[in-house]
Amino acid sequence: MTDTVLSVTNLSKFFGALKASDNVNIDLHAGEIHALIGPNGAGKSTLIKQIAGGMRPDKGEVILNGQDISALDTAARARLGLARSFQVSSVAAEFTVLQNVVLAVQGHQNLGMWRAALRKTAFSDQALGFIARAGLAGREAIRASDLSHGERRRLELAMALALRPKVFLLDEPMAGVGLEGSADMTALLDDLRHEAPILLVEHDMDAVFSLADRISVLVYGRIIATGAVDDIRNDLEVQRAYLGDDA
Amino acid sequence: MQRETWINLAILLGLILVPLWAVVMDEPFTITLTTKVVILALAGVGLNIALGYGGLVSFGHAAFFGVGGYAMGVLASHAQSYTPMQIGALEVEGTKSMLIIWAVAIVFSGITALFIGALSLRTSGVYFIMITLAFGQMLYYFAISWPAYGGEDGLSIYVRNGFPGLNTLDPIQFYCICFVLLCAALLVSARLSSSSFGLALHGARQNAERLEAVGVRPFKLRLTAFVISGMITGLAGALFADLNRFVSPTMFSWHTSGEIMIFVILGGVGRLFGPVVGAALFILLEHWLGGISDFWQFYLGLILLAVVLFARGGVIGTLAGREVAHD
Ligand SMILES: Nc1ncnc2c1ncn2[C@@H]1O[C@H](COP(=O)(O)OP(=O)(O)O)[C@@H](O)[C@H]1O
Ligand SMILES: [Mg+2]
């Protein structure tokens, strides 16, 4: 038996008649990258939001390391180590890279009112480490709003790292980073998996096939297949439902 | 040093030199005017923590200004009439001691802010503006219908309250007290802004979703900021009442809330010295434009409109450029 770190059971979310999540079951094993693929509007982001806590499911559970976290809010889930990146990069735009990452490093603890946050060497040193690991060394003093698209993606990953994550939930981290950027990003994600398992929503099939241990395919809110990369690649139903669209 | 730091030092120097000049030239009115600037700046420094750092557009800060004012008025009026207050079965003496009055003003405006904040911070945007406005007006009408303390007419205090070792009736000495308190509040504001708490507060203003994703709930942060903000504005209210030796419901009115907001916007929202510049400019304009035309508020409105439209970041923002990350 592999260790299951995160599991989602019988999760459903309807928007009126639209089934955004239709009895979804998906899990994440220690050390793996589990890719979630599916056409636009399949409900991938909606699923990530429900796991991260930003959206309440109509029914179903989210279990992290054996603990039912379904009733917890986003902040409480983050404290337990659910680290997410957003499909549209979401950082504090007026802050520098360093300020953003220190914000994540300090988290909810030690919100002292007197000493300057960035002067706390413990915070800054850790933050610089995460920044370097995310490939942003030398960009610490740049405002987030002045970063390139790809750099902002990296900043989100640095912030996710700073949470000492148990699980990464990454919603299309390669969207818009360009061809060259996606090779770098693939390498970075391959590094992150040593930190915590990754539930990866991604459209870039080359990246998915090279990174993922398992793949789940989501169509109209339903998981139609879960399996090892090669099985999914060869799965005819998947090709019809999804890959066929692109090819 | 950054340009903004130089500008801030220049402003501080101005607040030292102007009254000094006034003493030498024997111009007590100028000292009084500068004292008013400093006290209103203090009220603005308070609001700036909520509005500038937290992004909480409070249109009800007159509530705290007024609570501070009435803390002074009530305590001093009992002291001057030698009648103790009756609080239930308890008899409490009034006082003419500034130190005690400040403490009471700070505590009561803090409690008021805790109450108003706990209710209004559950909303955001226009609703937050309207609810804070409504609370301010509630206190305004309460003060009007409170005959024990002057009702609509307000309360006169005959002698300025005392401070150990100083003659508070001497304008320059009272000015010094107010100036030192303003400096203290600016120090608190600066430390708060760059602290871990401040980083999270600024973060919540920019992106609350992101803050939750790193495990921080914005509500508690904002409420804390709102209370600190209210306490500083409350202290300013007590000083303002002492300056005029008079309190009235006007201190609670939405005009007052609006004026405090104007100081912050005029000077630069979220800039440490924004409220100081804003208050100074406001008082100068009121003084000059008021001498030129009875419709000075109309011209003030035009100037404010120009600042909001063309000088985003207010005076400080225009002079110092966009904010540099503090270390
Ligand atoms: N808050 C919402 N209200 C109504 N419909 C929504 C909401 N969020 C998402 N949807 C719909 O749910 C479906 C799934 O959306 P989403 O999860 O963003 O898809 P994906 O990320 O797979 O492209 C889409 O049809 C979208 O329009
Ligand atoms: Mg999506």
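Laboratory data are not the source of any read-out in this text; all were calculated from the coordinates shown. Keep in mind that what you see is a predicted model, and the values were worked out from it rather than measured. Backbone-built Cβ (ideal geometry, glycine too); neighbour counts: all protein chains shown.
Looking only at the protein assembly as shown, where both bridge partners belong to it, what percent of the DSSP beta bridges are antiparallel (to the nearest 5)?
Details: 29 of 46 bridges.
Antiparallel bridges: around 65 percent, rounded to the nearest 5.
The protein assembly as shown: Rg/Rh from Cα coordinates, Kirkwood Rh?
Radius of gyration relative to Kirkwood radius: 1.09.
Would you look at the GNM of chain B, springs on alpha carbons closer than 10 Å, and say which of B:Leu75, B:Leu139, B:Leu284 moves the most?
Most flexible of the set in this elastic network: B:Leu284.
Are there trypsin sites (Lys or Arg not before Pro) in the stretch A:68-130 that DSSP marks as loop and that have at most 15 other Cβ atoms within 10 Å, and which are they?
Counting only loop positions with at most 15 other Cβ atoms within 10 Å, the trypsin sites (Lys or Arg not before Pro) in the stretch A:68-130 are A:Arg115.
For a test of the definition: using alpha carbon positions, the gyration tensor, and the 1.5 limit on a/c, classify the stretch B:88-214 as rounded, prolate or oblate.
Numbers: a/c = 2.54, a/b = 1.40, b/c = 1.82.
Judged from the Cα gyration tensor, the stretch B:88-214 comes out oblate (a/c at least 1.5, b/c at or above a/b).
Testing the spin-label approximation: label points 7 Å from Cα along Cα→Cβ at B:Val92 and A:Ala183. State their distance in nm.
In this crude spin-label approximation the distance works out to 7.4 nm.
If you average the C-alpha positions of the stretch A:161-203 and of the stretch B:216-250 separately, how far apart do those two centres end up, in angstrom?
46 Å
Count the lysine pairs in the protein assembly as shown whose Cα atoms lie under 21 Å apart, taking only pairs 8 or more positions apart in sequence or on different chains.
Qualifying lysine pairs in the protein assembly as shown: 11.
Which length gain, in nm to one decimal place, applies between B:Tyr141 and B:Phe295 when the Cα-Cα distance is subtracted from 0.36 nm times their residue separation?
The span from B:Tyr141 to B:Phe295 would gain 52.7 nm if fully extended.
In chain A, what percentage of the DSSP-assigned beta bridges are antiparallel, given to the nearest 5?
Taking every DSSP beta bridge with both residues in chain A, the antiparallel ones total about 60 percent.
Under a point-charge model restricted to the Cβ atoms of Lys and Arg (+1) and Asp and Glu (-1), what is the dipole moment magnitude of the stretch B:129-241 relative to its Cα centre, in debye to the nearest 20?
Dipole of the stretch B:129-241, to the nearest 20 debye: 480 debye.
If you take the square roots of the eigenvalues of the alpha-carbon gyration tensor of the stretch B:3-320 and sort them as a ≥ b ≥ c, do you get rounded (a/c under 1.5), prolate (a/b over b/c) or oblate?
oblate
Assign unit charges at the C-beta atoms only (+1 for Lys and Arg, -1 for Asp and Glu), then state the dipole size of chain A relative to its Cα centre in Debye, rounded to the nearest 20. Walk me through the intermediate numbers first.
Values: 25 positive and 31 negative charges, 225 e Å.
That gives chain A a dipole magnitude of about 1080 debye.
Between the stretch A:22-60 and the stretch B:267-327, what's the alpha-carbon centroid distance in Å?
50 Å
Where in the stretch A:64-168 are there chymotrypsin sites (Phe, Trp or Tyr not before Pro) that are in a DSSP coil and have at most 16 other Cβ atoms within 10 angstrom of their Cβ? Let's see the in-between values first.
Values: sites: A:Phe86, A:Phe95, A:Trp114, A:Phe123, A:Phe130, A:Phe168; in loops: A:Phe86, A:Phe95, A:Trp114.
Of the chymotrypsin sites (Phe, Trp or Tyr not before Pro), the ones in loops of the stretch A:64-168 whose Cβ has at most 16 other Cβ atoms within 10 Å are A:Trp114.
At 0.36 nm per residue, and after removing the present C-alpha to C-alpha distance, how many nm does the segment from A:Val88 to A:Asp146 gain when stretched out fully? Intermediate results must be reported in sequence, preceding the final value.
On the way: separation 58, 0.36 × 58 = 20.88 nm, distance 1.58 nm.
Working it through step by step, the gained length comes to 19.3 nm.
Express in nm, to one decimal, how much length is gained between B:Gln2 and B:Leu169 on full extension, taking 0.36 nm for each residue of separation and deducting their alpha carbon distance. Don't jump to the answer; show the numbers that get you there.
Numbers: separation 167, 0.36 × 167 = 60.12 nm, distance 3.90 nm.
Gain on stretching B:Gln2 to B:Leu169: 56.2 nm.
For chain B, what is the charge dipole size about the Cα centre, in debye to the nearest 20, if Lys and Arg each add +1 at the Cβ and Asp and Glu each add -1 at the Cβ? Before the final figure, lay out each step's value.
Values: 15 positive and 16 negative charges, 187 e Å.
That gives chain B a dipole magnitude of about 900 debye.
On average, how many beta carbons from a partner chain sit within 10 Å of the beta carbon of a residue in B:185-197?
Neighbouring Cβ atoms belonging to other protein chains average 4 per residue here.
Would you please give the FRET efficiency between A:Asp125 and B:Leu284, computed as 1/(1 + (r/R0)^6) with r the Cβ-Cβ distance and R0 = 41 Å, to the nearest 0.05?
0.30
For a quick protection proxy, order the peptides B:254-267, A:4-17 by their average other-Cβ count within 10 Å, most packed first.
Ranking, from highest mean packing down: B:254-267, A:4-17.
Using the 10 angstrom Cβ neighbour count as an exposure proxy, how do B:Phe273, B:Phe298, B:Phe108 rank, fewest first?
Working: B:Phe273 28, B:Phe298 10, B:Phe108 20.
Least crowded to most crowded, the residues run B:Phe298, B:Phe108, B:Phe273.
How many nm separate the modelled label positions at B:Ala134 and B:Tyr82, each set 7 Å beyond the Cα in the direction of the Cβ?
The answer from the label model is 4.7 nm.
Distance between the C-alpha centers of the stretch B:83-134 and the stretch A:65-135? Whole Å please.
Using only Cα atoms, the two centres lie 35 Å from each other.
Between A:Trp114 and B:Ser156, what is the FRET efficiency for a Förster distance of 51 Å, r being their Cβ-Cβ separation, to the nearest 0.05?
0.80
What nm value, rounded to one decimal, do you get for the distance between A:Asp190 and B:Thr123 when each label is placed 7 Å out toward the C-beta?
Distance between label points: 5.5 nm.
To the nearest 0.05, what FRET efficiency results for B:His255 and B:Ala10 with a Förster distance of 25 Å applied to their C-beta separation?
Numbers: r = 31 Å, r/R0 = 1.22.
Efficiency, rounded to the nearest 0.05: 0.25.
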